[in-house]
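Student: Mind looking over this structure? Questions follow.
Derivation of every value follows stated rules applied to the coordinates shown; laboratory data play no part. Remember, it's a predicted structure, so these values are computed and weren't measured experimentally. Counting neighbours? That spans all protein chains shown, and the Cβs are built from the backbone with ideal geometry, glycine included.
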Amino acid sequence: MTTTLEGLKALIKSKLQTLVDGGGDSIFGDIFDYPEGNFEKYPSIVILQTGADGNILDTARNERTFHFIINLYQEQSQVGKTKQEADILMTKASDAIIEAFDQDPDLGGTVEKIVVMEANFDFKVQQGTFNFATFKVDCVVIVDNY
């Protein structure tokens, strides 16, 4: 079972990399597990850790919850995707993220539980026009208390 921040972030990234569309192509263009803002392909993802908390289960184990956000970006412009195309891509990509964790709530047995706790969707114009979404994901693990 994976219990480290590094390991959990890698598992989340790997899970997102496996998501494909009906033609077998990856749903996402770029996936980063560190802060990044320069994207070459869309929709793009940035996975960030935001914190952790925990509880003592018993004298031998702690339950730890790691908090992550998954930021999803889709450009829209006159030379890129239209407003409607960008919205359709964002909707499909958002559904895929939520369903991926709903259908694999323990990441193949590597964690106790992973769940999308909240999602926010928005649109901004800054150095280009982007649709974006933020997914708050909690990952619960059981850690041996040495």
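Student: Residue by residue, what Karplus-based ³J(HN,Hα) values in Hz, rounded to whole numbers, does the range 94-103 have, using 6.51, -1.76 and 1.60 with θ = phi - 60° and x for Gly and Pro?
Tutor: The phi angles translate into 5, 4, 5, 5, 4, 5, 4, 7, 5, 7 Hz.
Student: What does a probe at Val143 reach in the range 2-42, counting residues whose amide N is under 13 Å from the point 7 Å along Cα→Cβ?
Tutor: Output list for this probe position: 2-8.
Student: Restricting to Cα pairs below 8 Å that are 6+ residues apart, what does the relative contact order work out to for the range 5-144? Please round to a whole percent.
Tutor: Values: 266 pairs, mean separation 32.2, N = 140.
Relative contact order of the range 5-144: 23 percent.
Student: Can you list residues from other chains, or at least 5 along the same chain, whose modelled amide H is less than 5 Å from the amide H of Asp33?
Tutor: Residues meeting the amide H criterion: Ile47.
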